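A.B. asks: Submitted below is the structure of interest, expressed as C-alpha cells.
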Amino acid sequence: MDPQSEEQPVSYICGDCGQEQTLKQGDVIQCQECGYCILYKKRTRRIVQYEAC
C-alpha cells in the first residue's frame, strides 16, 4: 500500500466555540464540546506549490 493513501487525523476548529477537534475518516462532523456542526480546516504549514500552465 502507498503510505500517502493512509488517512491521517486532520485538525479542525469549531465555528462556534473555537475548540480544536481532531477527526479521522468516518468520524461524525460535530464539535465534541458544544455540538456545533460547522468545523473549519486548519491551514497547513507544509509548502504547497502549483505549476502554472
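The values are calculated or read from the model by the stated rules, or taken from the named source; none is laboratory data. All figures in this text were calculated on a predicted structure; none of them were measured in a lab. A quick note on method: Cβ atoms are made from the backbone with ideal geometry, for glycine too, and the neighbour counts reach across all protein chains shown. Heads up: the accessible areas ignore ligands, DNA and RNA and are worked out on the full protein's heavy atoms, side chains in. Shrake-Rupley method; radii C 1.70, N 1.55, O 1.52, S 1.80 Å.
A.B. asks: Being in a loop (DSSP other than H, G, I, E, B) and of a type in the set (D, E, K, R) is the filter here; which residues of region 14-31 pass it?
C.D. replies: Within region 14-31, Asp16, Lys24, Asp27 qualify.
A.B. asks: Which condition number in (1) over 10 Å from the mean Cα position of the chain (by Cα); (2) at pLDDT 90 or above; (3) open to solvent by less than 100 Å² (accessible area, probe 1.4 Å) is the one that Glu33 fails?
C.D. replies: So Glu33 meets the others, but not (3).
A.B. asks: Within region 36-53, work out how many residues are open to solvent by 100 Å² or more (accessible area, probe 1.4 Å), within 20 Å of Gln8 (Cβ to Cβ) and part of a loop (DSSP other than H, G, I, E, B).
C.D. replies: Final tally of qualifying residues: 4.
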